[in-house]
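Shown next, in structure tokens, is the structure this report addresses.
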Amino acid sequence: MYAQLIEHLSAGDPWQLVSRLVQEELLPSMRAEPGFVGAVDLYDRASGKSITIVFWETAAAAFRPPSEYNERFRHALAAIGEISGHKLAPLSVWEVSADVQSDPLSRLQALQAA
């Protein structure tokens with residue numbers, strides 16, 4: 001499995017717009033891509049930095065240039081850069097060397113108990 005990192009800055013008010021774009025456009029658009037496994041979005045309020053991590057089954061899927069992704073993805077990626085006022089860093093790809101996940105039912109029960 002491979003992890004593709006999309007790093008962007010979105011401090012202050014633009015963060016809410018960027019977060020909504022990531023959640024409502026970017027991540028859902030990835031589901032249509034071959035080899036897509038899953039994704040998470042991380043945000044550090046102190047620095048204003050965000051990292052979207054997209055997981056892919058194969059290196060071929062992970063290393064494709066953004067120009068080969070669907071139009072919805074390309075549009076969302078461009079909008080994120082525009083709203084944040086910063087040029088997006090080049091996408092980087094990492095090979096996943098360990099993958100530990102909890103049982104989804106156990107996680108749900110723990111969240112409900114909290």
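Quick notes on this one:
- Residues (at pLDDT below 85 and assigned to a strand (DSSP E or B)) located in region 7-39: GLU7, HIS8, LEU9
- Flag for ALA79 being assigned to a strand (DSSP E or B), small (Gly, Ala, Ser) and in contact with a helix residue (DSSP H, G or I) (Cβ under 6 Å, 6 or more places away or on another chain): no
- Selection count where residues are more than 19 Å from GLU95 (Cβ to Cβ) and either hydroxyl-bearing (Ser, Thr, Tyr) or assigned to a strand (DSSP E or B) (or both), scope region 43-73: 7
- When region 57-70 is filtered for residues that are among the acidic types (Asp, Glu) and within 16 Å of the chain's Cα centre (by Cα), only GLU57 remains.
- Members of region 33-49 found to be in contact with an Asp or Glu (Cβ under 8 Å, 6 or more places away or on another chain) and among the basic types (Lys, Arg), listed by number: LYS49
- Exclusive hit being of a type in the set (Gly, Ala, Ser) and in contact with a Pro (Cβ under 7 Å, 6 or more places away or on another chain), set ALA61, ALA39: ALA61
- Among the residues of region 52-73, those that are surrounded by fewer than 15 Cβ atoms within 10 Å (Cβ to Cβ) and not hydroxyl-bearing (Ser, Thr, Tyr) comprise GLU57, ALA59, ALA60, PHE63, PRO65, PRO66, GLU68, ASN70, GLU71, ARG72.
- Taking the numbered list (1) surrounded by 14 or more Cβ atoms within 10 Å (Cβ to Cβ); (2) within 11 Å of GLN4 (Cβ to Cβ) in turn, SER92 passes all entries but (1).
- Taken residue by residue, region 44-62 has at least one member that is over 17 Å from GLU25 (Cβ atoms) and in contact (Cβ under 8 Å) with a residue 60 or more places away in the chain.
The values are calculated or read from the model by the stated rules, or taken from the named source; none is laboratory data. Just so you know, these numbers come straight off a predicted model, no measurement behind them. Don't worry about glycine lacking a Cβ; one is built from the backbone with ideal geometry, like all the others, and counts go over all protein chains shown.
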